[in-house]
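A.B. asks: So that we are looking at the same thing, I have put the structure below in structure tokens.
The values are calculated or read from the model by the stated rules, or taken from the named source; none is laboratory data. Remember, it's a predicted structure, so these values are computed and weren't measured experimentally. Reconstructed Cβ throughout: ideal geometry from the backbone, glycine too, with neighbour counts over all protein chains shown. For the accessible areas, the whole protein counts, side chains as well, though only heavy atoms, and no ligand, DNA or RNA atoms are used. Shrake-Rupley method; radii C 1.70, N 1.55, O 1.52, S 1.80 Å.
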Amino acid sequence: MTVLVFVEPDDELSLQAITLARSLGEVRAVQIDGPYAPAAWAGALIEAAGTDPIVGLGSDRGNEVLAHVAARLDLPFAANVTAVRGDEVTRQRWGGTLLEEARVHSDQKLFTAAPFAFAAGDVPPVETLRPDLTNAVQVVERVVPDTGGRVSLADAKVVVSGGRGVGSAEGFAILEDLAGLLDGAVGCSRVVTSAGWRPHTDQVGQTGTKVSPDLYIACGISGATQHIAGCKGAKTLLAINNDPEATIFTHADYAVIGNLHEIVPAISAELRKST
Ligand SMILES: Cc1cc2nc3c(=O)[nH]c(=O)nc-3n(C[C@H](O)[C@H](O)[C@H](O)COP(=O)(O)OP(=O)(O)OC[C@H]3O[C@@H](n4cnc5c(N)ncnc54)[C@H](O)[C@@H]3O)c2cc1C
């Protein structure tokens with residue numbers, strides 16, 4: 001069986017998708033030339049694949065394009081797959097915090113490979129598809145948010161993040177101070193953005209930014225699944241919470257049980273002494 005695999009040039013995740021595709025059959029790799037236009041790209045893949053399975057990479061773009069393919073063909077689509085056994089798949093749900101066993105009820109399978117669930121495969125010859133962009137919705141410009149000279153949340157090596165426990169918009173001043181000392185960025189939980197204390201661009205989590213800093217300092221954050229989905233890529237997690245039973249401590253490498261309004265300024269004071 002031939003399996004069409006949709007790759008993106010120089011993307012590590014593409015090589016992982018190739019490994020998933022190889023486990024299903026003979027790989028035919030394609031890339032798409034032209035501006036990003038998900039519906040048009042889906043049309044090109046449908047035309048190239050015929051009735052063959054299609055595998056894509058589990059990136060935002062890969063999942064979006066495959067979702068268009070599935071909608072156009074009225075077929076089921078399993079995103080972020082970690083294993084395939086005939087009609088059955090294991091796939092990541094809830095931002096990768098749980099694994100779901102599912103059965104795919106269609107002859108033509110549509111999968112994306114969960115990031116880092118597969119080793120990178122060798123690159124086979126890659127064909128280039130040129131989609132019909134007539135009347136297609138296209139991305140014409142990307143606007144980088146203004147971070148005021150500070151490192152962006154997504155790129156920061158240190159993220160100091162606050163939750164409901166911070167108590168107010170003004171309460172974030174001590175987190176801003178600590179983040180400044182560590183050349184880091186400030187993040188927050190959804191409760192905080194819902195309360196209007198911080199903009200949505202600062203939100204970490206399933207419906208916010210996914211961060212993978214060297215150090216994530218969670219201050220007054222309980223550790224809800226949807227928040228952890230955004231920070232589980234952190235190399236080290238330090239949690240500061242006054243509730244010793246807080247769920248965040250089950251994810252933390254370092255735990256400080258206490259009032260963040262005392263502990264955060266104390267850390268900043270120690271850092272100032274050492275500089
Ligand atoms: C579909 C969906 C998507 C969602 N997406 C996201 C998302 O992307 N990101 C996200 O964050 N949430 C998301 N949520 C919301 C999530 O479920 C939680 O409600 C939210 O993360 C809780 O925020 P919190 O930890 O700040 O607040 P709480 O759960 O209220 O926790 C506050 C914590 O602060 C501690 N605390 C209080 N005072 C202090 C103090 N003085 N010092 C130290 N600790 C203190 C408390 O002990 C408590 O643990 C989503 C929910 C749904 C249903």
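A.B. asks: In whole Å, what are the extents of the chain along the principal axes defined by its C-alpha atoms, from largest to smallest?
C.D. replies: The principal-axis extents, from largest down, are 64, 39, 33 Å.
A.B. asks: Determine the relative contact order of the range 38-157: mean sequence separation of Cα pairs under 8 Å and six or more apart, normalised by residue count, in whole percent.
C.D. replies: 28 percent
A.B. asks: If you keep only loop residues by DSSP, which GluC sites (Glu not before Pro) in the range 118-196 have at most 11 other Cβ atoms within 10 Å of their Cβ?
C.D. replies: Listed in order of number, the matching sites are E141.
A.B. asks: Checking a compactness column here: for the range 91-155, what do you get for Rg(Cα) / (2.2 N^0.38 Å), N being the number of residues?
C.D. replies: The value comes to 1.76.
A.B. asks: Same structure again: Putting +1 on Lys and Arg Cβ atoms and -1 on Asp and Glu Cβ atoms, find which of V81, A48, A71 reaches farthest to the positive end of the dipole of the range 43-95.
C.D. replies: Working it through, the farthest residue towards the positive pole turns out to be V81.
A.B. asks: GNM on the chain, C-alpha springs below 10 Å: top fluctuator among V159, V192, V143?
C.D. replies: Fluctuation is largest for V143.
A.B. asks: Straight-line reach from K232: which lysines fall under 22 Å, measuring Cα to Cα and dropping same-chain residues less than 8 apart?
C.D. replies: Of all the lysines, those that pass the test against K232 - Cα under 22 Å, at least 8 places apart if same chain - are K157, K210.
A.B. asks: Continuing with the same structure: Using a 1.4 Å probe and counting only protein heavy atoms, arrange K109, K232, K273 so the residue with the most accessible area comes first.
C.D. replies: I get K273, K232, K109, largest accessible area first.
A.B. asks: Along the three principal axes, how long is the range 138-275 when you take its alpha carbons, biggest first, rounded to the nearest angstrom?
C.D. replies: 50, 35, 28
A.B. asks: Would you be so kind as to identify which of A218, V139, G167 lies farthest towards the positive end of the dipole of the chain, taking Lys and Arg as +1 and Asp and Glu as -1 on Cβ and the Cα centre as origin?
C.D. replies: After comparing all options, I get G167.
A.B. asks: Right, another one. Roughly how big is the range 135-275's charge dipole about its Cα centre, with Cβ charges of +1 (Lys, Arg) and -1 (Asp, Glu), in debye to the nearest 20?
C.D. replies: Using Cβ point charges on Lys, Arg, Asp and Glu, the range 135-275 gives about 260 debye.
A.B. asks: If you place +1 on the Cβ of every Lys and Arg and -1 on the Cβ of every Asp and Glu, how big does the dipole about the Cα centre of the range 155-220 come out, in debye to the nearest 20?
C.D. replies: 320 debye
A.B. asks: Considering Cα pairs under 8 angstrom that are at least six residues apart, work out the relative contact order of the range 191-244 and quote it in whole percent.
C.D. replies: 35 percent
A.B. asks: Taking the Cα centre of the chain as origin, sum charge times position over the Cβ atoms of Lys and Arg (+1) and Asp and Glu (-1), and report the length of that vector in debye to the nearest 20.
C.D. replies: 380 debye
A.B. asks: What part of the accessible area of the chain, given as a whole %, is carbon or sulfur when the probe is 1.4 angstrom?
C.D. replies: 50 percent
A.B. asks: Distances over 15 Å make up what percent of all Cα-Cα pairs in the range 1-96?
C.D. replies: Summing the P(r) tail past 15 Å for the range 1-96 gives 58 percent.
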